[in-house]
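Step one of this worksheet: look at the structure below.
Nothing in this text is a laboratory measurement; each read-out follows from the coordinates by a stated rule. It should be emphasised that the depicted structure is a prediction, and the values quoted were computed from it without experimental measurement. Neighbour counts are summed over all protein chains in view; Cβ atoms, including those assigned to glycine, are modelled from backbone coordinates with ideal geometry.
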Amino acid sequence: MSSLSLTLLGVYLVPLFVGTWRTSLLGLGCQGFLMAWIAWTRGLDPSQLGDWVLLADLVLVRGLAAPLLLRQVLRARNTPRRNDVIPPNLLSWTLALGVVLLAFKFAAALEREPGEPRTLLAVATSGLLLGFLVLSTQSGTFGQMVGALRIENAIALFELTGPSRPPEPGVRLAQLALIALTVLLFRWYLAAQEPPGARAAPPLEGPTL
């Protein structure tokens with residue numbers, strides 16, 4: 001397993017065990033940067049507009065915009081530091097590690113030849129399954145957004161595991177627009193939610209008969 005793939009797998013796992021929203025956002029940002037690095041090592045062509053759009057998607061939107069915009073809202077709302085992505089118990093942690101093992105078995109069955117393509121497929125599958133695990137255990141708005149963005153990043157990594165990438169810049173621009181609109185929608189919806197701990201003020205008087 002390459003050091004980049006191992007690092008990306010660690011970025012998927014660490015926020016599951018460190019239950020703070022800052023760690024979750026840092027993990028999302030690192031996922032974007034690491035995927036851009038992986039894409040660069042797999043032979044991006046600087047002369048192709050589509051490859052520059054791909055880098056903008058991974059670095060500017062997934063690596064920077066998504067975590068920073070959500071962080072801005074959470075800090076303005078004085079959100080408590082503690083925010084568990086999955087329930088903090090042994091069962092959930094065991095399930096998360098089991099999902100990773102299952103992803104590697106799936107990749108070995110799908111890609112017979114050992115090497116970097118199989119490793120990337122295993123890491124992408126791990127990210128996808130862990131994203132679904134987060135979604136299935138979270139009822140809060142922010143937690144579900146983190147799970148959805150994890151799944152989005154895993155899908156982007158799946159694309160990088162293939163032998164070729166779609167050359168049309170229009171395809172890349174459409175993908176960039178979709179993820180950017182998703183991030184903006186998440187930020188708007190998170191900002192529109194009632195701050196945690198807010199309660200309606202009790203009535204000053206009882207009902208008048």
### Task
Rounded to whole Hz and in sequence order, give me ³J(HN,Hα) for the stretch 75-82 from the Karplus expression 6.51 cos²θ - 1.76 cosθ + 1.60, θ = phi - 60°, writing x for Gly and Pro.
5, 5, 8, 6, 5, x, 4, 6
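Let's see if you can work this out: charge +1 on each Lys and Arg Cβ, -1 on each Asp and Glu Cβ, no other charges. What is the dipole magnitude of the chain about its Cα centre, in debye to the nearest 20? Intermediate results must be reported in sequence, preceding the final value.
Details: 16 positive and 12 negative charges, 105 e Å.
About 500 debye.
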### Task
Please turn the phi angles of the stretch 99-111 into ³J(HN,Hα) values with the Karplus equation 6.51 cos²θ - 1.76 cosθ + 1.60 (θ = phi - 60°), one per residue in order, whole Hz, x for glycine and proline.
4, 5, 4, 4, 5, 5, 5, 5, 5, 5, 6, 7, 10
### Task
Specify which residue in the list ASN89, GLY127, ALA192 is farthest towards the positive end of the charge dipole of the chain, using unit charges on the beta carbon of Lys, Arg (+1) and Asp, Glu (-1), about the Cα centre.
ASN89
#### Entry: Equivalent ellipsoid semi-axes, the stretch 35-128, via Cα gyration tensor eigenvalues times 5, rooted, Å
29, 27, 6
#### Entry: Separation of alpha-carbon centers, the stretch 118-184 and the stretch 55-72, rounded to whole Å
13
### Query
Could you give the angle, 0 to 90 degrees to the nearest 10, between helix 21-41's Cα long axis and the longest principal axis of the Cα atoms of the chain?
20
### Residues with amide H under 5 Å from that of THR20, placed H, sequence gap 5 or more
ASN83
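Please identify the longest segment of the chain free of exposed trypsin sites (Lys or Arg not before Pro), where exposed means a DSSP state other than H, G, I, E or B and no more than 12 other Cβ atoms within 10 Å. Please list the in-between numbers first.
Details: sites that count: ARG81, ARG112, ARG199.
The segment 113-198 is the longest one with no such site.
At 222 nm, what helix-only mean residue ellipticity would the chain give, in deg cm²/dmol to the nearest 500, using -39500 (n - 2.57) for each DSSP H run of four or more? Walk me through the numbers on the way to the answer.
On the way: 8 runs with 142 residues, N = 209.
One gets -23000 deg cm²/dmol as the mean residue ellipticity at 222 nm.
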### Task
Answer with one residue from LEU6, ASN153, GLN72: the one whose Cα lies farthest towards the positive end of the charge dipole of the chain, charges on Cβ with Lys, Arg +1 and Asp, Glu -1.
GLN72
